[in-house]
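Trainee: To start, I am sharing the structure in question, which I have written as structure tokens.
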Amino acid sequence: MELKDKIKLSQNIAVVSGIFCITVALLLLLNYMQMSKNDPTDSKVIQALVERLKQEPDNDALKMEIRNYDLLARKAYFNSEWQVKTGAYLLLFGAIVLAFSLRFYYSLKAKIDEPDTQHENEIASRILAQKGIIIVGAVVLILAFGASFLTVNQLQYYDINKSVSEVISNPEDEGIEVIEVGKNPTSIAGELAQTTTSEAESQMGDEVSGNMNSEIQTSEVVTEVSKTISSGSNSILAEVRKNHNAFRGPLSQGVSFSKNIPTEWDGTTGANILWKTTIPKKGFNSPIIWGDKMFLAGADAASREVYCFNRNDGKLLWTGVADNIQGSPSAMPKVTEDTGLSAPTLTTDGKRIYAIFATGDVIAFDMNGKRVWARNLGVPDNHYGHSSSLVTWDNKLFVQFDTNKGGKLIALDVASGNTVWETVRKCKISWASPVLAEVDGKYQVILTADPIVAGYDVETGKELWSVDCMMGEVGPSVAYSDGIVVAANEYARMAAIDIRTHEILWENDEYLPEASSPVAYNGLLFIATSYGVFVCYDLKTGEQYWEHDFGTTIYSSPTIADGKVFLMDNDGTMRIYEASKEMNLISENNLGEKSGPTPAFADGRIYLRGENDLYCIGE
């Protein structure tokens, strides 16, 4: 090919790529302007449907219509996100082709020996025109890239704010102070190396809010106390199993080891209600138990509080207030009514009680209510509100901190609140909670989010395994039993994973939970959907054994106790099933008020949190 032909070809490529870039850029700009005028998070249709549902709360057809509309909104979000991202990539590709073709064109032109004779003014005009075209083109490209970025961010909130609960309650709260994790400059490397579990050392300060320096190596963090506890983990596990120390019980697996659990009661008549007491502030966290004490949390715009009750008579023993915490926001973050400011369940190791709120405040009290330490992890960037519960093991408090800004698993020292280790996760926002599992004699923390289900070493935070199988707004925690992890999420799928080979054993997408976490027990898997279908599967094969459709909303997680499955719906009706391959509904019991949290168990007792009151049930 001759030189003139090469010049002509490069010129044509530059022209075509330039037109392509301008076209794509203009489309992206038009898309951005259209999205700016039409806020996708403000749906008049779904608002009207929800207002209508308030007047017709028992209209099942209307509920299904709202769910279907929400599903369409989610599909629209994913489709829009794909279109915008694809446009941005096409624009980038076109710009690269244009740049290379122009470079090739001008390098070939430079090889021509005799340039055309032109006047100086004409040359200057041409140079000025070329600069003008380049500047205008660059401005258009920059605006287009910026518009594509902003459009993606705006659409990101389209899917997540289309839920019914967000429309019902969408408070406008400005001036939120967001503090990133690890902003506190205090270094406590020397103190952490000397940390023990004695009560004397837990008095190191009422408000320890410093972070460990990120350069501290993992080997410096594993103290002699951790080694001692690891060697005696069986005795500690036995003590944990005597209690109900976390969300869904021991190790957060959803299986209680309490016996003689009652199966008949009536909250309206008082039958088998041993006591009932009003909870000072609202919250959606579940009760936890250690010995004769039971703990809950509540919060509103005025304050965040932790409560200790005598579980034998319901007497409020003490109230701990989460205030005066360095970095805590001056204004409360925006949350929905069905999440609130106090959704995460507390946890305890029998020495201290640990709580976290939607503000990102984490606080520890001793068993008598004395404040041990408190710190702020940064306000979780979360459109519903933070709901991941806490769990403790091996002298560490584990915090799943998956937000719109990225995911983290944080291990805090239980005695001081300092960061032992922090692992960045390649995932999106999640409302699920960590689950502990013993695999081949070593413990790991299992988390689920979009898109990964993964296990992390409790001592170092190292990711042990990861499987890419989830999507969407992940709310349910995983189920674990017999070396099998089951993760599930509504509008996505359910996947059973062999924790040793990291292979997916089976998948299913027929019945999926929205907020309720699955539970695995004795070779069986139990799933509760948000619209009131309870299903039993074979844990290893995924074969469905039975289903029970009772058609009421469920946020609470099914829990195993005394060989039975206990499931509370949002209306306050507890259904009790035999944990077997055949469907056997043992009883249905009405609490007398709405409920959503998961129950806690002790020998001969069930503890239930209602919308306003705390109940103790026993024969």
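Rule-based calculations on the coordinates, nothing more; no lab input. Keep in mind the model is a prediction, meaning the values are calculated, not measured. Positions of Cβ are generated from backbone atoms using ideal geometry, with glycine treated the same way; all protein chains shown enter the neighbour counts.
Trainee: For His548, His383, what ranking results if the residue with the fewest other Cβ atoms within 10 Å of its Cβ goes first?
Mentor: Working: His548 15, His383 21.
Ordered by Cβ neighbours within 10 Å, fewest first: His548, His383.
Trainee: Here's a follow-up. Subtracting the Cα-Cα distance from 0.36 nm times the residue separation, let me have the gained length for Gln83 to Glu264 in nm, one decimal. List each step's numbers first, then the result.
Mentor: Numbers: separation 181, 0.36 × 181 = 65.16 nm, distance 5.47 nm.
That works out to 59.7 nm of additional length.
Trainee: Cross-link list Lys54/Lys594; Lys54/Lys334; Lys315/Lys564; Lys426/Lys462; Lys282/Lys351: which exceed 20 angstrom alpha carbon to alpha carbon?
Mentor: On the way: Lys54/Lys594 16 Å; Lys54/Lys334 22 Å; Lys315/Lys564 29 Å; Lys426/Lys462 13 Å; Lys282/Lys351 25 Å.
Checking Cα-Cα distances, Lys54/Lys334; Lys315/Lys564; Lys282/Lys351 exceed 20 Å.
Trainee: If we count other beta carbons within 10 Å of each Cβ, what is the order of Ile560, Ile353, Ile22, fewest first? List each step's numbers first, then the result.
Mentor: On the way: Ile560 24, Ile353 28, Ile22 18.
Least crowded to most crowded, the residues run Ile22, Ile560, Ile353.
Trainee: I've got another one for you. Considering amide H positions built from the backbone, and no H for Pro or chain starts, which residues 5 or more places from Lys282, or on another chain, come under 5 Å of its amide H?
Mentor: Excluding prolines and chain starts, which carry no amide H, the hits are Ala299.
Trainee: While we're here: Taking 0.36 nm per residue of separation and subtracting the Cα-Cα distance, what length does fully extending Glu593 through Asp468 add?
Mentor: On the way: separation 125, 0.36 × 125 = 45.00 nm, distance 4.00 nm.
Once the chain is fully extended between Glu593 and Asp468, it gains 41.0 nm.
Trainee: Could you sort 461-469, 485-493 so that the peptide with the highest average Cβ count within 10 Å comes first and the rest follow in order?
Mentor: Numbers: 461-469: 17.6, 485-493: 23.9.
The densest-packed peptide leads the list: 485-493, 461-469.
Trainee: Taking 7 Å along the Cα-to-C-beta vector as the label spot, tell me the Asp58-Lys442 distance in nanometres, rounded to one decimal.
Mentor: About 5.7 nm separates the two model spin labels.
Trainee: Ok, one more. Any chance you could run the full-extension gain for Arg103 through Glu51? It's 0.36 nm times the residue separation minus the Cα-Cα distance, nm to one decimal.
Mentor: Values: separation 52, 0.36 × 52 = 18.72 nm, distance 6.07 nm.
Working it through step by step, the gained length comes to 12.7 nm.
Trainee: Here is a further query. Considering only the other residues whose Cβ falls under 12 Å of the Cβ of Thr268, what net charge follows from Lys and Arg at +1 and Asp and Glu at -1? Walk me through the numbers on the way to the answer.
Mentor: Numbers: positive: Lys276; negative: Asp266, Glu593.
Charge balance in the 12 Å sphere: -1.
Trainee: Each label point is 7 Å from the Cα along the Cα-to-Cβ direction; what then is the distance between the points at Asn310 and Val16, in nm?
Mentor: 8.6 nm
Trainee: Can I ask one more? Order 286-299, 568-581, 243-256 from most to least packed using the mean count of other Cβ atoms within 10 Å.
Mentor: So the peptides 286-299, 568-581, 243-256, ranked by packing, come out 243-256, 286-299, 568-581.
Trainee: Right, something else. What FRET efficiency comes out for Leu26 versus Glu337 if R0 is 45 angstrom and r is the Cβ-Cβ distance? Round to the nearest 0.05.
Mentor: Numbers: r = 42 Å, r/R0 = 0.94.
Step by step, r from the Cβ atoms, then E = 0.60.
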